[in-house]
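The values are calculated or read from the model by the stated rules, or taken from the named source; none is laboratory data. This one's a predicted model, so the numbers in the text were calculated from it and none came from an experiment. Don't worry about glycine lacking a Cβ; one is built from the backbone with ideal geometry, like all the others, and counts go over all protein chains shown.
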Amino acid sequence: MRQPGLRARITAGFAAGALCLAMIMAVLSYQITRHSLLREREDTAVRAASYDAAIVRAGIRTTQPDIAEILSSIDTGENRRVVLHYNGRWYGRTADPGITSAVPVDLQQRAGEGHTAIQRIRLAGEPTLVVAVPVADTTTYYEVDSLQELDRTLQLVSLILTLVAIGTALIGAALGWYAGRYVMRPVARVTQAARDIAAGQVQARLDPATEPDLAQLTRSFNDMVDQLAARLEKDRRFAADVSHELRSPLQTLAAAASVLTRGKERLDTRTATAAGLVADEVERFQALVEDLLSLSRGERPAERGAVDVRELAGQVCRARELSEEVISVEGPRVWLIDRRRVEQLLVNLLDNADAYGGGPIAVRFAIQGCDGVIEVDDDGPGVSPDDRVVIFDRFVRGRAAHARANSYGTGLGLALVAQHATAHGGTTTVLDRPGGGARFRVTLTGCLP
Amino acid sequence: MLVIEDDDRIRTSLVLALEEEGYAVRAAATGEEGLIAQRREPADTVLVDLMLPGIDGFECIRQLRRSDDVPIVVISAREDTHDIVAALEAGADDYLVKPVKVKELSARLRALRRRARALTTEAVRSLRFGELEVRPEAGEVRLSGNPVAVTRTEFQLLCELAEHPGQVLSRTQLLQRVWQYDGGDERLVDVHVGRLRHKIESDSSTPRHLVTVRGLGYKLQP
């Protein structure tokens, strides 16, 4: 599984922290609110019941008390209902047996002991408060008080608190996101600098003054880039020197060899053979130096431009006196590629097919998504699975039957193909062609704008 | 032909090889010598190295160009884009990286000489593109009636484009037709187009006549 990014983790951490805190606060607030509201409600209920009980007490002192009359004289409002236990009988204002049976036994007992008592129960699913006030020895006055309104209030409070908790978590996440950006900013700068350097801008440096906390990192980074730049420059100069020092004598050799070749008829057979060998080897040496210099240059990124691949392939084929009928292009003809690299890549693949595969029989260009795919088919013996791994390494030559392969190949052609593909962010593979022979496939990324 | 090359061995071998190919060759070891030799007895083609003692190849090309439209071929061990473009902008007609095969060099020289000879035929046509006038047979380019000095290669390039008015010619086609390259360095075309624009456009950064068609090539329009 992919590790989430630092920023995502910071955001999640902030959100989780905020949610935790908010939840604790919400639960505590809820409990405190609930407790105090209930206490207040109970106090009110007891006070009201005591007051009402006093009325009842006065009412039943008469000789023939009309219980119903007494009870109906009590103003209880909508929420309260009254029950009177008088001389072993239950009286209520409404004919509601459910209310009398709702009075809990232990409450009756406590009231029986002469104490004002209170108990919360659920009556028909509703939270209810029952207050018991002893009126006389055998008489207890009960008030059944619905707590639904309070319950609704508490529900509303809990809803609000939940919303507040969620809101707090979201604010926490936003803070985390912002803090993440703030924390990541220097990292983003380092990333950008590293990217610039990778793209070849070795003069990119970080300013240690802008991020005092990261001064150590900034200094190390700049040191590293300094060293890298120095090494690159040294390498570049070395390659340029080598290039120059090799090219100059080779020029003399090439010109002198051409004089020898031209004057061959004037030489005796032995000398002419030797002159021929010198000329051939000079040519091969020249090819080797070109390939080596190309390889040493190849680490640089590709210089892409719009290139008509059909035209490029046609020109490569014409130069090699190869029929252009082998070329086929699927999809757009104009690709965004480094012309010189892809040209050399094509030339080397065709050379390879010539030397080891009995000549190229198909050169295909196709676009898959944004990637360009180049395939070169040959009619040779194919490439054995063992060789497929190493064939793109430097100085690897195929064990082909063709004798001329041994004399002219530099052993660098396919290594260059692989390098040019890599410079385009691509890959190189060798497959079996259906029907025999090898199929070299090169994928170049980002060939369409 | 004049060969300006400081390395004794390269100079000697080039002279020998080119003489084998049938050219009459003179040689100079420094830019100053080369310039004097060219002034005294103009050669029809100049082959010049870039790294020379005294005045370097770039300066040498500039000075040759000042007085002459002789075809100039650079032959150098330097292969950086920067050097190639600078040499072409100084006025070189072609750029070859050492080591050059003599056969290849000979082919390039033939192409340049063909361009040089093409100017001598008679019969005069006039191709007009607004205030720009190209006379392929007379070897003349005029801007609002005033003659414009162009080198032979620039002229050849302009003629190719003028012969196909409004039609896009790809860099490959232009390399083929002007330099006789089957595949070659496209920077040759780009730099020559740039040089031409400086001469025929009122504002070379926003060309009106010699326009770039992105991804395809160049065309000449009124």
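Is there a residue in region B:27-47 that is within 14 Å of chain A (Cβ to nearest Cβ) and outside any strand (DSSP E or B)? Within region B:27-47 (the criterion being within 14 Å of chain A (Cβ to nearest Cβ) and outside any strand (DSSP E or B)), the answer is no, since none of the residues qualifies. Being in contact (Cβ under 8 Å) with a residue 40 or more places away in the chain, closer than 14 Å to B:LYS98 by Cβ, β-branched (Val, Ile, Thr) and assigned to a helix (DSSP H, G or I): is that true of A:VAL289 here? Against the criterion (in contact (Cβ under 8 Å) with a residue 40 or more places away in the chain, closer than 14 Å to B:LYS98 by Cβ, β-branched (Val, Ile, Thr) and assigned to a helix (DSSP H, G or I)), A:VAL289 qualifies. Pairing residues of region B:1-24 that are within 7 Å of another protein chain (Cβ to nearest Cβ) with residues that are in a helix (DSSP H, G or I) and surrounded by fewer than 18 Cβ atoms within 10 Å (Cβ to Cβ), at Cβ distances under 7 Å and at least 6 apart in sequence or on separate chains, gives B:GLU20/A:ARG262.
Please indicate, with yes or no, whether at least one residue in region A:103-124 is of a type in the set (Val, Ile, Thr), closer than 22 Å to A:GLU42 by Cα and at pLDDT below 80.
Checked against the condition, which is being of a type in the set (Val, Ile, Thr), closer than 22 Å to A:GLU42 by Cα and at pLDDT below 80, region A:103-124 yields no hits at all.
Within the option set A:VAL135, A:VAL183, A:VAL144, A:VAL130, being in contact (Cβ under 8 Å) with a residue 24 or more places away in the chain and outside any strand (DSSP E or B) holds for one residue only, A:VAL183.
Condition first: modelled with pLDDT of 90 or more, touching a Gly at 6+ places or on another chain (Cβ under 7 Å) and under 21 Å from A:ALA423 (Cα atoms). Can you find one or more residues in region A:346-362 that meet it? Looking through region A:346-362, at least one residue is modelled with pLDDT of 90 or more, touching a Gly at 6+ places or on another chain (Cβ under 7 Å) and under 21 Å from A:ALA423 (Cα atoms). Return yes or no: is B:THR45 touching a residue at least 60 places away in the same chain (Cβ under 8 Å) and among the polar types (S, T, N, Q)? Yes: the conditions hold for B:THR45. I'd like the residue in region A:314-325 that is part of a helix (DSSP H, G or I) and surrounded by 14 or more Cβ atoms within 10 Å (Cβ to Cβ) and, out of all such residues, is farthest from the other protein chains (Cβ to nearest Cβ). It comes out as A:CYS317.
Taking the numbered list (1) of a type outside the set (Asp, Glu); (2) more than 23 Å from B:GLU19 (Cβ to Cβ); (3) modelled with pLDDT of 90 or more in turn, A:LEU250 passes all entries but (2). Just one residue in the set A:ALA215, A:ALA230, A:ALA173 is surrounded by 15 or more Cβ atoms within 10 Å (Cβ to Cβ) and out of contact with any strand residue (DSSP E or B) (no Cβ under 9 Å at 6 or more places or on another chain); that residue is A:ALA173.
Any residue in region A:326-346 that is more than 14 Å from chain B (Cβ to nearest Cβ), of a type in the set (Gly, Ala, Ser) and touching an Asp or Glu at 6+ places or on another chain (Cβ under 6 Å)?
There is no residue in region A:326-346 that is more than 14 Å from chain B (Cβ to nearest Cβ), of a type in the set (Gly, Ala, Ser) and touching an Asp or Glu at 6+ places or on another chain (Cβ under 6 Å).
Pairing each residue of region B:143-156 that is surrounded by 22 or more Cβ atoms within 10 Å (Cβ to Cβ) with any residue that is of a type in the set (Asp, Glu) and at pLDDT 85 or above, provided the two are 6+ apart or on different chains, yields C-beta distances under 7 Å for B:THR151/B:ASP93; B:THR153/B:ASP93. Within region A:261-313, the set of residues being among the small types (Gly, Ala, Ser), surrounded by fewer than 16 Cβ atoms within 10 Å (Cβ to Cβ) and away from chain B (no Cβ under 13 Å) comprises A:ALA274, A:GLY276. Considering region B:77-101, and only residues there that are assigned to a helix (DSSP H, G or I) and in contact (Cβ under 8 Å) with a residue 40 or more places away in the chain, the residue that is surrounded by the fewest Cβ atoms within 10 Å (Cβ to Cβ) turns out to be B:THR81.
Return yes when B:GLU154 is in contact with a Lys or Arg (Cβ under 8 Å, 6 or more places away or on another chain), of a type in the set (Asp, Glu) and away from every other protein chain (no Cβ under 14 Å) and no when it is not. So B:GLU154 fits the description; yes.
Among the residues here, B:VAL193 qualifies as within 19 Å of A:GLU311 (Cβ to Cβ), under 20 Å from the mean Cα position of the chain (by Cα) and modelled with pLDDT of 85 or more. Within region B:78-107, being within 14 Å of another protein chain (Cβ to nearest Cβ), of a type in the set (D, E, K, R) and in contact with a strand residue (DSSP E or B) (Cβ under 8 Å, 6 or more places away or on another chain) holds for B:ARG78, B:GLU79, B:ASP83, B:LYS98, B:GLU104. Out of everything in region A:241-260 that is of a type outside the set (Val, Ile, Thr) and more than 8 Å from every other protein chain (Cβ to nearest Cβ), what residue ends up being surrounded by the most Cβ atoms within 10 Å (Cβ to Cβ)? Among those that are of a type outside the set (Val, Ile, Thr) and more than 8 Å from every other protein chain (Cβ to nearest Cβ), it is A:ALA257. Would it be correct to say that B:VAL74 is in a helix (DSSP H, G or I) and touching an Asp or Glu at 6+ places or on another chain (Cβ under 9 Å)? So B:VAL74 fails the test.
Restricting region B:157-201 to residues that are polar (S, T, N, Q) and surrounded by fewer than 21 Cβ atoms within 10 Å (Cβ to Cβ), the residue that is farthest from the other protein chains (Cβ to nearest Cβ) is B:GLN167.
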